[in-house]
Amino acid sequence: EPEVTQTPSHQVTQMGQEVILRCVPISNHLYFYWYRQILGQKVEFLVSFYNNEISEKSEIFDDQFSVERPDGSNFTLKIRSTKLEDSAMYFCASREVAVGYEQYFGPGTRLTVT
Amino acid sequence: QKEVEQDPGPLSVPEGAIVSLNCTYSNSAFQYFMWYRQYSRKGPELLMYTYSSGNKEDGRFTAQVDKSSKYISLFIRDSQPSDSATYLCAMKSGGGADGLTFGKGTHLIIQP
């Protein structure tokens with residue numbers, strides 16, 4: 001069964017450094033998303049991406065964040081100048097265009113900022 | 001008032017029991033409703049997807065939406081220890097808005 005994959009599974013970085021989290025969405029899906037989940041808190045929407053541009057973003061998704069589809073299979077989230085409060089699980093999700101609004105999530109990348 | 005409220009539990013029931021999990025929401029624009037299961041430190045796994053009001057059944061799972069009360073439920077029949085996980089409700093409005101709004105999740109424990 002096709003699934004969303006994410007790398008790395010765990011990333012440790014120092015405050016102020018840049019990180020790139022990578023995702024490979026399900027192959028026939030064209031909508032892509034990033035969410036985050038701070039430990040013990042709810043899953044929060046960051047951004048959605050379709051047709052090579054951002055279609056929606058939340059208040060959390062400020063200038064520190066950017067997304068990119070660098071090739072036909074990868075979808076990335078870049079966090080510039082990481083802060084301690086960026087420590088969280090980051091989930092990528094994807095969905096098909098025409099079928100419905102079901103979003104399928106990857107296993108997540110645990111980001112630890114020290 | 002939080003947009004989506006969900007009792008965090010833990011909810012502990014014996015194996016074989018019927019489990020009822022619920023969410024309430026405040027935004028009347030929500031039209032699409034999902035239930036996800038999340039094991040510890042894993043990604044959310046889609047269980048059920050419903051549109052507008054009504055019931056939907058899939059195996060041991062039944063999702064129910066009551067838009068007039070802004071209340072959704074997930075029922076699990078013949079619960080198994082492997083059902084022990086955190087269950088997240090999620091929802092979105094129609095139109096261009098695409099991000100899901102999640103509840104905090106209910107931690108469910110099925111006792112063998």
> Taking segment B:80-112, which residues are part of a strand (DSSP E or B), more than 19 Å from B:T50 (Cβ to Cβ) and facing chain A (nearest Cβ under 10 Å)?
Replying inline: none
> What are the residues in segment A:1-52 that are free of Cβ contacts under 8 Å to residues at least 24 places away in the same chain, charged (D, E, K, R) and more than 19 Å from B:E45 (Cβ to Cβ), if any?
Replying inline: none
> Residues in segment A:49-74 that are touching a Ser or Thr at 6+ places or on another chain (Cβ under 8 Å) and surrounded by 20 or more Cβ atoms within 10 Å (Cβ to Cβ): how many?
Replying inline: 2
> What residue, among those in segment A:65-114 that are assigned to a strand (DSSP E or B) and among the basic types (K, R), is modelled with the lowest pLDDT?
Replying inline: A:R95
> For segment B:1-39, which residues satisfy the criterion of being touching a strand residue (DSSP E or B) at 6+ places or on another chain (Cβ under 8 Å) and of a type in the set (K, R)?
Replying inline: B:R37
> Out of segment A:7-48, which residues are of a type in the set (S, T, N, Q) and either over 15 Å from the mean Cα position of the chain (by Cα) or surrounded by 13 or more Cβ atoms within 10 Å (Cβ to Cβ) (or both)?
Replying inline: A:T7, A:Q11, A:T13, A:Q14, A:Q17, A:S27, A:N28, A:Q37, A:Q41, A:S48
> Is it the case that some residue within segment B:42-49 is at positive phi and modelled with pLDDT under 95?
Replying inline: no
>> Every residue in segment B:45-63 that is within 14 Å of another protein chain (Cβ to nearest Cβ) and in a strand (DSSP E or B), please.
In response: B:E45, B:L46, B:L47, B:M48, B:Y49, B:T50, B:Y51, B:K56, B:D58, B:A63
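The values are calculated or read from the model by the stated rules, or taken from the named source; none is laboratory data. Given the structure is predicted, the values throughout are model-derived calculations rather than measurements. Positions of Cβ are backbone-derived with ideal geometry, glycine not excepted, and every protein chain shown enters the neighbour counts.
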